[in-house]
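The values are calculated or read from the model by the stated rules, or taken from the named source; none is laboratory data. Since this is a predicted model, take the numbers as computed values, not measurements. Ideal geometry is used to build each Cβ from the backbone, glycine not excepted, and the neighbour counts take in all protein chains shown. The area values use the complete protein model at the heavy-atom level, side chains included, leaving out ligands, DNA and RNA. Shrake-Rupley method; radii C 1.70, N 1.55, O 1.52, S 1.80 Å.
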There are 4 protein chains.
Amino acid sequence: MLQKKPLNIATIGTGFMGRAHSNAWQKVRHFFDLEYQPVLKVICGRNPASTQAFADRWGYESAETDWRKVVDRKDIQAIDICVPNNLHREIALAAAKAGKMVLCEKPLALNTAEGEEMCRAVEATGVANMVWYNYRRIPAVTMARQLIESGRLGRIYHYRANFLQDWTIAEDVPQGGNALWRLDSAAAGSGVTGDLLAHCIDTAIWLNGSIRDVTAMTETFVKERVHTESGRLQPVGIDDACAFLCHFDNGSLGLFESTRYARGHKALYTFEINGQHASIKWDLHDLHRLEYFDHGDESALRGWRSIHVTDHGGSHPYMNHWWVPGLQIGYEHSFVHQVADFLDGLAKNSPAGPTFRDALETQKVCDAVLKSAATGMWTSVQAK
Amino acid sequence: MLQKKPLNIATIGTGFMGRAHSNAWQKVRHFFDLEYQPVLKVICGRNPASTQAFADRWGYESAETDWRKVVDRKDIQAIDICVPNNLHREIALAAAKAGKMVLCEKPLALNTAEGEEMCRAVEATGVANMVWYNYRRIPAVTMARQLIESGRLGRIYHYRANFLQDWTIAEDVPQGGNALWRLDSAAAGSGVTGDLLAHCIDTAIWLNGSIRDVTAMTETFVKERVHTESGRLQPVGIDDACAFLCHFDNGSLGLFESTRYARGHKALYTFEINGQHASIKWDLHDLHRLEYFDHGDESALRGWRSIHVTDHGGSHPYMNHWWVPGLQIGYEHSFVHQVADFLDGLAKNSPAGPTFRDALETQKVCDAVLKSAATGMWTSVQAK
Amino acid sequence: MLQKKPLNIATIGTGFMGRAHSNAWQKVRHFFDLEYQPVLKVICGRNPASTQAFADRWGYESAETDWRKVVDRKDIQAIDICVPNNLHREIALAAAKAGKMVLCEKPLALNTAEGEEMCRAVEATGVANMVWYNYRRIPAVTMARQLIESGRLGRIYHYRANFLQDWTIAEDVPQGGNALWRLDSAAAGSGVTGDLLAHCIDTAIWLNGSIRDVTAMTETFVKERVHTESGRLQPVGIDDACAFLCHFDNGSLGLFESTRYARGHKALYTFEINGQHASIKWDLHDLHRLEYFDHGDESALRGWRSIHVTDHGGSHPYMNHWWVPGLQIGYEHSFVHQVADFLDGLAKNSPAGPTFRDALETQKVCDAVLKSAATGMWTSVQAK
Amino acid sequence: MLQKKPLNIATIGTGFMGRAHSNAWQKVRHFFDLEYQPVLKVICGRNPASTQAFADRWGYESAETDWRKVVDRKDIQAIDICVPNNLHREIALAAAKAGKMVLCEKPLALNTAEGEEMCRAVEATGVANMVWYNYRRIPAVTMARQLIESGRLGRIYHYRANFLQDWTIAEDVPQGGNALWRLDSAAAGSGVTGDLLAHCIDTAIWLNGSIRDVTAMTETFVKERVHTESGRLQPVGIDDACAFLCHFDNGSLGLFESTRYARGHKALYTFEINGQHASIKWDLHDLHRLEYFDHGDESALRGWRSIHVTDHGGSHPYMNHWWVPGLQIGYEHSFVHQVADFLDGLAKNSPAGPTFRDALETQKVCDAVLKSAATGMWTSVQAK
């Protein structure tokens, strides 16, 4: 039996991601055999009462409102950052300086410059670091990577991805504040580009390699929204929609699109990859399925296979930790898998990705996309 | 090049099936290379004006209102019967006696006794004969048969089929008359059993062999409907819904169901067959697709394949006669294929099925189903 | 803020269901605001070492190997039974006698007689009791019930359900022992009838009311299997497949089927309900979706709606406790919901179903089904 | 009853489109009541024997090998052009000059300049003219237009379309000759842009209005192929894949993509349109279905509707001419509808689109796309 080692965690942020991460930290030990066992030491939020309630609910030993105090605590080994994008840099730098492991919500930073600084910080002190691009760990997505790596698809010709939502169509949705900081360019940096396309780009690079250059367009359909803090109509600074074409280093062509104005879609993250020998498709709305077409099948029997990625016994990634074949898992499990891989990487001294450095590449593509949209020119992605 | 031989056709009936058959007779020569070329000599209907209009529209050389005169014509080689079920027997017997080939709409007859008499008649004179169970000739269905015959499914465990419609839910739909004879037990013999389940049974026997015994239930949800001729409410004599369980001779279990009260389904004929090594599914609403699961696929990559049965070049049945891969055909094409096979069978002296004798077996199953529903007992199907 | 009350739980059984229940007991407090807070006091299993490991993994305070000692503990308030079917009765009777609440895995018992005794026991002492027919609490299924109760479907004509698996096709799968007691008639009582059809029947009664009578067939495809304890080939006593037709009290017709020989299906529990005004469909392989057809829609725009039952904010059952629209939950969440409802029922003194008495009705249908299959006769379901 | 008028047709071309058009000319009178009745006077092809065989098969009165003689025939009223793109202009100009109606396969021409000349020619003589963008007349597509025109979608935000094939992945597919002229830039003008994207663009303009500007990329994956005439490897001049982003005049954003390297897709033409109130989706592989999401539905019951566009009785476009609800039609029917509308337009003196002038707009977008791909710049579409 494994000798268990505690790993003391501090989580900064009590919003949507604070819940998703806390659930993962709590749940991982029930389903995975790991050397490191997370201990939920402290949760940090702005409001004392609601932060204490969060601590009670999720089993944190203590609650705190000042993230600097958390970073200074000697007993904390890892800082998990789940706050708006404009706060990532400062907390990450402080945590790295204090010698803590750092796990940071995506996107890594507001821009490439910030991201570079953060990478240098964690690399200077050599602390473990990771960015929560959780969709890599959905079993069907992990399996897509395995299929590509095995050579089954052969040369890749096309990669297309989109992330479609519809929650900001109404003009009376305000911007800013705790709940709606994603619509506030000061807090979020960008709109759908950093929030949604960043996921698509991270997966794409992981599956298909680096992106060379892009041509993009963005649009802001609703030009002014009430700001929740000022109570006044203010110009909207974020992109409501963004699309781009690109070339990958491997010669394949890419199409990416994201919007919050696609009526009928709530969180429709999809990708499709067309290779010489086979193709794959996936979408987040039915995340436990992978669509697969294999040209090697006998001619009359070729068809898109709808693979229910729920097999235990080792044939489907991660699924031997859960239930029995046919019983699906959901969104939250991707975070559990990420925690499991992070802890396993610590034990094996083999860091689980995406590291800050990995995530910086996504940041560079986002920056190139926004620049191309602003200039109307094809734009090269900054070299690694 | 083939020496073309004309085949003189008389069609009896100008309703829905009269149109479907006429279209097939007209169209087959454009898409199939056949020795026999159908010549549309005469159409027969009750109303002189509308029958003449039908002749003009569909290119029949003449119109007639007395089917006996048609049967007596020396120049006619084949009689195609597209009239209500209660008229099948008399016309078929006369046609056979006159030495004509007989093609008869399904179900063959009102009951087994009539069907036996009709079989004896055509067999006595040796005329070519066929029943229009057209769904056998939908490419995906034909392909299902090929897969089973090839042994790919292995031992069969389960066969389930249903045919679901919803057009008689409203209580004010009348019964009887030209358009609604299917709701009139005098004209139709039975309700969904002969109209819809007969299709399911024909396909099942063709794909999976004979049915040994059945337990059934029927229901008539609306007990009285206005008769279009009397204008009065009269008891409804037909079954609105019918379901049965059965054993096939090969040891597999069957489930069949049909109804006109399945809200949301128009003509949803589906079947699924589960074998030891593979399974297949099909439905009429997307008739150009066959779903196929092959346990022989590599474990992690097993999934139901959605096969778009539109490949030309020989790999998909009939499709090399039509367009290019990806371009679907529709309902009417099943009749064209049946005509093509009938004509090809003539040329090769190898009769295309289902013959009257083949269709009689379906009639026997229908009779056993209705008897079981009436008695509440498991009922054996009469031996061939 | 709610005053929290601890509820001390003892779980009997460390198998698949022991895990599923433990996860629910652990997780419910993170996502639901409840007066009662489960405390995992003791886990009971046969093997001391693995039971202790289970306790460590799942956070039980202690481990035990003798269920009678657990039942005797004064500090235990609720006994959760997750053992093979043939042990349900004895434990439940002892627990009820000891004044403990009893939660029992499904099916309630080996047969109606046992079930009656168990009902009398819990009702005599008035302890809270529940049976884990967890599928009622999948949001899409709960929503189906709401739609029916609201009258949207109108009169119901048809109910059809099946539960299809394929894991026992290979003849070398043994029977018996800890892992395979479901194939051993001594431990399981029946095969697919109690294991799978019982789920279908529970849901059906909940959604569509009582079943009046049935005609059924069962089949055992593999007649002998090696028993894991004796190591010898022994006759297989369970039903591999079971199907039945039935009448519901409300006049609708039912079709049910279950098998472990449906190649390509792992846990395909599906149901479809056809009503006068609307129809609904659901399947466990994509459990977060409900298919809905509404005849009240404008004629040209009628179609089956694929509803992604993930909306928060109150419009979809249970979903306001989880993530954001578009992000799906999985199988395990149905157990969390059941725990939440059980605890909420305690607080409100309004017992959550299905109670033992509710589950007894399912037992009676199972018994009627097995009797009909044995006798070949339509069989009435024993009155409530 | 209508007084029938013959319309004498000459078809130029015996390839894939020659068959599709001939079928439509033959079949339209069986299913539509029209004043004008097409008479198939002459078919024109390069090879005398095969052209005569084509005439025999399709019922043309005569066969011809010189298209100029056909154009000169006094008895011909309409010329139907089904030849490679580089021959459209010359034949159309001659036909217009001879005062014939002209129906031309798509794309209209090799480029905008040719297209302008052709428009001027038909407009100068005032002859009826049409281009075979047949997909407009698939009932589900026509219905999409009706929904948009009715205002149901409200303001449009997004339009995305693609046309994916996979038939040229193998490097040993040759270019040129009768069968493969689509791969030969001399005959085709461009690759997927003119062949496939032109369809997407025509539909888009019809449904969503004019396109203002584009940024595009093209790729030729296989750089050299054997030419069927020279037998030698020659550079490939066509685009194998093309994608572009665009702005529509109405402020919506467009994404278009086409390729012949999307493994697993044969003719997957799809579009999706997201509006303020509703969205629609369609794909050619299941062309009889329209997916529709209506935000006006009650919140809990919102879902994408899969509308089976097969209703007769007037609620679905064109379908009252065919079979009964639930019975699907196929690819070829779009041509029949186009012929019916053309003939109806003649009778009503209200020309059916797309006219040459309509199709010229698509040509201008194609030219802008190719120019943008060549220059790497956003490119404005030439004004109407």
Return the total of residues in segment B:328-351 being buried (at least 20 other Cβ atoms within 10 Å of the Cβ) and either at pLDDT below 95 or of a type outside the set (D, E) (or both).
15
Number of positions in segment D:122-153 that are in contact (Cβ under 8 Å) with a residue 60 or more places away in the chain, in contact with a Lys or Arg (Cβ under 8 Å, 6 or more places away or on another chain) and among the hydroxyl-bearing types (S, T, Y):
2
Could you count how many residues in segment C:1-59 are among the small types (G, A, S), more than 24 Å from the chain's Cα centre (by Cα) and not in a helix (DSSP H, G or I)?
1
Strands (runs of 3 or more DSSP E) within segment D:154-247 that include 2 or more residues touching a residue at least 24 places away in the same chain (Cβ under 8 Å) and under 30 Å from A:V222 (Cβ atoms):
D:156-164, D:211-219
Taking segment B:288-341 only, how many residues are touching a residue at least 40 places away in the same chain (Cβ under 8 Å) and small (G, A, S)?
3
Which residue, of B:W304, B:W378, is surrounded by fewer than 24 Cβ atoms within 10 Å (Cβ to Cβ), of a type outside the set (D, E, K, R), farther than 30 Å from D:I329 by Cβ and touching an Asp or Glu at 6+ places or on another chain (Cβ under 6 Å)?
B:W378
Options C:A53, C:A20: the member that is of a type in the set (G, A, S) and in contact (Cβ under 8 Å) with a residue 60 or more places away in the chain:
C:A20
Would you check which residues across segment D:202-256 are among the hydroxyl-bearing types (S, T, Y), more than 21 Å from the chain's Cα centre (by Cα) and more than 11 Å from chain A (Cβ to nearest Cβ) and list them?
D:T220, D:T228, D:S230
Looking at segment D:84-99, can you tell me whether even one residue there is under 17 Å from the mean Cα position of the chain (by Cα), closer than 14 Å to D:C44 by Cβ and open to solvent by 20 Å² or more (accessible area, probe 1.4 Å)?
yes
Those residues of segment B:262-294 which are of a type in the set (K, R) and either under 10 Å from C:G264 (Cβ atoms) or out of contact with any Pro (no Cβ under 7 Å at 6 or more places or on another chain) (or both), in sequence order:
B:R263, B:K281, B:R289
Qualifying positions in segment B:268-281 - within 14 Å of chain D (Cβ to nearest Cβ) and either buried (at least 23 other Cβ atoms within 10 Å of the Cβ) or more than 20 Å from C:Y292 (Cβ to Cβ) (or both)
B:Y269
Among residues belonging to segment C:347-380 that are basic (K, R) and closer than 27 Å to B:M377 by Cβ, point out the one that is farthest from the chain's Cα centre (by Cα).
C:K371
Segment D:276-324 - residue that is acidic (D, E) and touching a strand residue (DSSP E or B) at 6+ places or on another chain (Cβ under 9 Å) and, of those, nearest to C:Y318 (Cα to Cα):
D:D297
Taking D:G189 as meeting all but one of (1) open to solvent by 10 Å² or more (accessible area, probe 1.4 Å); (2) within 13 Å of chain A (Cβ to nearest Cβ); (3) in contact with a Leu (Cβ under 8 Å, 6 or more places away or on another chain), write down the number of the exception.
(2)
The number of residues in segment D:301-356 that are within 30 Å of D:E105 (Cβ to Cβ), within 14 Å of chain B (Cβ to nearest Cβ) and in a loop (DSSP other than H, G, I, E, B) is 12
If you go through segment B:288-295 one residue at a time, do you hit one that is more than 21 Å from B:Y157 (Cβ to Cβ) and part of a loop (DSSP other than H, G, I, E, B)?
yes
Which of the residues spanning segment A:286-295 are closer than 22 Å to A:F163 by Cβ, within 10 Å of chain D (Cβ to nearest Cβ) and open to solvent by 10 Å² or more (accessible area, probe 1.4 Å)?
A:E291
